[in-house]
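One structure below.
The values are calculated or read from the model by the stated rules, or taken from the named source; none is laboratory data. Computed from a prediction, not measured in an experiment: that's the story for all the values here. Cβ sites come from the backbone with ideal geometry, for glycine too, and all protein chains shown count toward neighbours.
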Amino acid sequence: MPADSPFVALSRPERLVSVQLDGTELMLPEGENLAASLLAAGVRSFRETPVSGVPRAPFCMMGACFDCLLQIDGIQRQACMLPVTEGMVITRPKGTTHG
Ligand code: FES
């Protein structure tokens, strides 16, 4: 966990597994909440809005706001609703799709 992360793990993970985030390998705790694990790893922006391109990050952590949307193994999903699993391939949706 990076020293500058404001998020602190309450327990030591049993096992770290490899995931890819925009082509960069991260080691995250297997079975823990994906959004919380990415925040603890220092990820600050999860996506950019399709209209204005502003960065967004998890807000509600309970599946209501959709600010944690990521493309995970080719499907857009809410990171706060998923556990970390080994080999996840994650990309962050970027900005506008029109002009
Ligand atoms: S953080 Fe709100 S839906 Fe995931």
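Within segment 54-64, no residue satisfies the criterion of being more than 6 Å from the ligand (Cβ to nearest atom), crowded, with 17+ Cβ neighbours inside 10 Å and farther than 13 Å from residue 43 by Cα. Of all the listed residues (30, 14, 25), the sole one being touching a residue at least 40 places away in the same chain (Cβ under 8 Å) and among the charged types (D, E, K, R) is 30. Looking at segment 65-74, is at least one residue more than 10 Å from the ligand (Cβ to nearest atom), within 12 Å of the chain's Cα centre (by Cα) and surrounded by 13 or more Cβ atoms within 10 Å (Cβ to Cβ)? Looking for residues that are more than 10 Å from the ligand (Cβ to nearest atom), within 12 Å of the chain's Cα centre (by Cα) and surrounded by 13 or more Cβ atoms within 10 Å (Cβ to Cβ), one finds at least one in segment 65-74, hence yes. The set of residues from segment 57-99 being free of Cβ contacts under 8 Å to residues at least 12 places away in the same chain and either in contact with an Asp or Glu (Cβ under 7 Å, 6 or more places away or on another chain) or aliphatic (A, V, I, L, M) (or both) comprises 59, 64, 75.
Just one of the numbered conditions (1) of a type in the set (Ser, Thr, Tyr); (2) at pLDDT 95 or above; (3) farther than 24 Å from residue 95 by Cβ is not true of residue 24: (3). List pairs: first in segment 37-48 and at positive phi and surrounded by fewer than 21 Cβ atoms within 10 Å (Cβ to Cβ), second modelled with pLDDT under 95 and of a type in the set (Asp, Glu), Cβ under 9 Å, 6+ apart or cross-chain? Correct list of pairs: 42/4.
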